[in-house]
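To keep things clear, I will list the structure first and then write my remarks on it.
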Amino acid sequence: MTGGVVVDDGFVHEEETHLTVFKTSLFFAGDGFTVYDCKGELVFRVESYGPDSRDRGEVVLMDAFGRCLLTARRKRPSLHHRWEGFLGEKTEGQKPIFSVRRSSIIGRSSVTVEMCGNPGEEYQIDGSFAQRCCTIFNAGKEAVAEIRRKVDASTNVVLGKDVFSLSLKPGFDGAFAMGLVLVLDQINGDDYANGDGGLELDPTSEDSHLSS
């Protein structure tokens, strides 16, 4: 088992799990997502929150029934794209459960995820989210989740970037992983808005870390 429950134990599985993530709009980074399991059943959704989402700086992850699981909010002011995650629908005075920050504001950089209240537990995200090719590592440098381009099984053709796979190691909370995807998407959108061409993290091997 990999790590402890972060958001909801209902999304922690004993076997490796593969989810398919769809961006519901291509007009703005962060318009919305729907996420399905291998049986085609809806797991998560993020309603369209429009082009001014970066001004609001808040994204809400829901389950298939519309229950709010996680709120990600941008911390301002911040030079390193720092975001914080809160359980459920954020309320006034509520403390975050995790914090996400880029390690640099110049050039390629990795993203660090710090768990609030547990300084020894953190995660590192390396790769290129803009290219849908990055890996989430725990403090022990073990891969716990991967984001990869989706390949059509019948034609062996790589699909567009609006469809990608999120693979989870056993014991890693899928809701937490999807919350990190939302933050990466927001950071990537900010970079496009600033003319940087999208978030490029420390490059990793094309080989799958998760299967190693």
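Values in this text are rule-based calculations from the coordinates and carry no lab data. Quick caveat, the model's predicted, so the values are computed rather than measured. When we count neighbours, we look across all protein chains shown, and the Cβ atoms used for this are built from the backbone with ideal geometry, even at glycine.
Structural remarks
- Taken one residue at a time, the phi angles of the stretch 86-98 give Karplus couplings (6.51, -1.76, 1.60, θ = phi - 60°) of 10, 5, x, 8, 4, 10, 4, x, 5, 8, x, 9, 8 Hz. Gly and Pro are set to x.
- In order through the stretch 123-130: 3J(HN,Hα) via Karplus (6.51 cos²θ - 1.76 cosθ + 1.60), integer Hz, x for Gly, Pro: 10, 10, 10, 10, x, 10, 5, 4
- Listed pairs LYS90/LYS141; LYS75/LYS141; LYS39/LYS161 exceeding 25 Å between Cα atoms: LYS90/LYS141; LYS75/LYS141
- Segment MET62-GLN94, extension gain: residue separation times 0.36 nm, minus the distance between their alpha carbons: 9.7 nm
- Spin-label model, ALA139/ASP9: points 7 Å from Cα along the beta carbon direction are separated by 2.2 nm.
- When you count the other C-beta atoms within 10 angstrom of each residue and take the mean per peptide, 60-72, 127-139, 84-96 line up highest first as 127-139, 60-72, 84-96.
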